[in-house]
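The values are calculated or read from the model by the stated rules, or taken from the named source; none is laboratory data. Bear in mind the structure is a predicted one, so any value in this text is a computation, not a measurement. All Cβ positions, glycine included, derive from the backbone under ideal geometry; neighbour counts span all protein chains shown.
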Amino acid sequence: MSTILDATHPLVDGRTADAPLVRASRGLRSETLPVWFMRQAGRSLPEYRKLREGVAMLDSCLRPEMASEITLQPVRRHGVDGAVFFSDIVVPLKLVGIDVDIVPGRGPVFPDPVRDAAGVREFAARVRGETTPEVFAPIVEAVRRTVAELGSTPLIGFAGAPFTLAAYLVEGGPSKDHLRARGLMVGEPEAWSELATAIGELSAAFLEAQIGAGASVVQLFDSWAGSLSRERYLESVAPSSRIPLERAATFATPDGERIRSIHFGVGTGELLADMHATGGDVQGVDDRIPLDEAARRLPGVPLQGNIDPAVLFAGDEVRARHVRDVVRRGAAAPAHIVNLGHGVPPEADPQVLTRLVELVHSLPGSGEVESA
């Protein structure tokens, strides 16, 4: 059953319906290639650092006026074709009362990790009991403020994939190998399934709040999926990732044009086909596999990516050559949203990002450029 978007939604009133990024998410090319950057709203911008002075990360995410302003900053500065909503993957957990903090230099930290079946049952019951539309009020307000300022630039809603969130929750914080999380997967598969499903429902509700408030496209971000074997991904991760992607797809305009989604993971070159089968319209590709090879593995699928973030620190000539090569390879896909193969590093020079956007916009939307 579809949820019909409100008449004031940017896809319904026409503001973003024909934006290059939205068209690309539907598999259509435009005269210019759409480009945006994961983590474009954040630490690489001096205006962001100034605004955030004295404000904790999660507090900044939950202050609607601040979250909106941070979301808008890279659109004003770089002229990107999409604004990604400024938030963090742990925000939904924070909103339903889970104790979590983002420690500078470390990342998300959970003082009370969930590591056994009893803990999972308690967590799942709490999350399901607290996940109501009301808890997302600051998110809804921030999205509405942002969309009112964006005009024809689409807002990209965003959520963390269940495996990545569950990995943090089980480990208690960042981990290189996720041994406790993977141990729960194989040692107590029923408990793992309950945990991942509960988080999948929460991520779905987080995306639904953003879509209802005006997001035109959404992305599910799976930081750690690349650490898993194909068998483990299919058995233990795909079912829960399917939940938010399928729920997002139920939103549609009155004429039946549904919300499109991007599914992205890091180090997931060997999982691309399985990730796409799990859900999502556009497959995000990191910088570890050429885009034409990704297109060969995913015939007929729009792609996003995959500029190597390292070229942000190379010279203009090297960077231009690399970008042109990425665009040329991306022509093998029906549509291409240009992006980095991962997020913007905090050390990146904002002027380099602006010039990169200008370069992409100077290339033909068909992607047919001369070999680099």
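Could you pull out the residue among 356, 363 that is closer than 19 Å to residue 287 by Cβ, more than 19 Å from the chain's Cα centre (by Cα) and surrounded by fewer than 21 Cβ atoms within 10 Å (Cβ to Cβ)? The match here is 363.
Here are 149, 122, 134: which of them is at negative phi, in contact (Cβ under 8 Å) with a residue 24 or more places away in the chain and in a helix (DSSP H, G or I)? 149 is the lone residue from the list that is at negative phi, in contact (Cβ under 8 Å) with a residue 24 or more places away in the chain and in a helix (DSSP H, G or I). Here segment 1-49 is the region considered, the condition is being farther than 19 Å from residue 76 by Cα and acidic (Asp, Glu), and the residue that is surrounded by the fewest Cβ atoms within 10 Å (Cβ to Cβ) is 31.
Output yes when any residue across segment 296-304 is part of a helix (DSSP H, G or I), at pLDDT 95 or above, crowded, with 17+ Cβ neighbours inside 10 Å and not hydrophobic (A, V, I, L, M, F, W, C), and no when none is. Looking for residues that are part of a helix (DSSP H, G or I), at pLDDT 95 or above, crowded, with 17+ Cβ neighbours inside 10 Å and not hydrophobic (A, V, I, L, M, F, W, C), one finds none in segment 296-304, hence no.
Restricting attention to segment 18-38, the residues that are of a type outside the set (D, E, K, R), part of a loop (DSSP other than H, G, I, E, B) and over 14 Å from residue 215 (Cβ atoms) total 7. Close Cβ contacts (under 6 Å, 6 or more residues apart or on different chains) running from residues in segment 192-206 that are closer than 18 Å to residue 280 by Cα to residues that are charged (D, E, K, R) and surrounded by fewer than 23 Cβ atoms within 10 Å (Cβ to Cβ) comprise 204/247. Within segment 168-184, the set of residues being buried (at least 24 other Cβ atoms within 10 Å of the Cβ) and closer than 21 Å to residue 39 by Cα comprises just one member, 168. Screening residue 49 with (1) farther than 21 Å from residue 216 by Cα; (2) free of Cβ contacts under 8 Å to residues at least 12 places away in the same chain; (3) not in a helix (DSSP H, G or I) gives one miss only, at (3).
Just one of (1) farther than 25 Å from residue 48 by Cα; (2) aliphatic (A, V, I, L, M); (3) over 22 Å from the mean Cα position of the chain (by Cα) fails for residue 314. It is (1).
For segment 310-328, the count of residues that are among the small types (Gly, Ala, Ser) and surrounded by 19 or more Cβ atoms within 10 Å (Cβ to Cβ) is zero.
Residue 370 fulfils the conditions (1) closer than 19 Å to residue 313 by Cα; (2) over 22 Å from the mean Cα position of the chain (by Cα) except for a single criterion, (1). Candidates 39, 43, 76, 63: the one that is of a type outside the set (Val, Ile, Thr), at pLDDT below 95 and out of contact with any strand residue (DSSP E or B) (no Cβ under 7 Å at 6 or more places or on another chain) is 43. Of all residue pairs spaced 6 or more apart or on separate chains, those with beta-carbon atoms under 6 Å, a first member in segment 342-358 that is in contact (Cβ under 8 Å) with a residue 40 or more places away in the chain and a second member that is assigned to a helix (DSSP H, G or I) are 342/309; 345/309; 348/312; 352/312; 353/78; 354/78; 357/78. The residue that is surrounded by the most Cβ atoms within 10 Å (Cβ to Cβ), among those in segment 119-148 that are basic (Lys, Arg), touching an Asp or Glu at 6+ places or on another chain (Cβ under 8 Å) and under 24 Å from residue 181 (Cα atoms), is 121.
When segment 99-151 is filtered for residues that are among the aromatic types (Phe, Trp, Tyr) and under 17 Å from residue 166 (Cβ atoms), the ones remaining, listed by number, are 110, 123.
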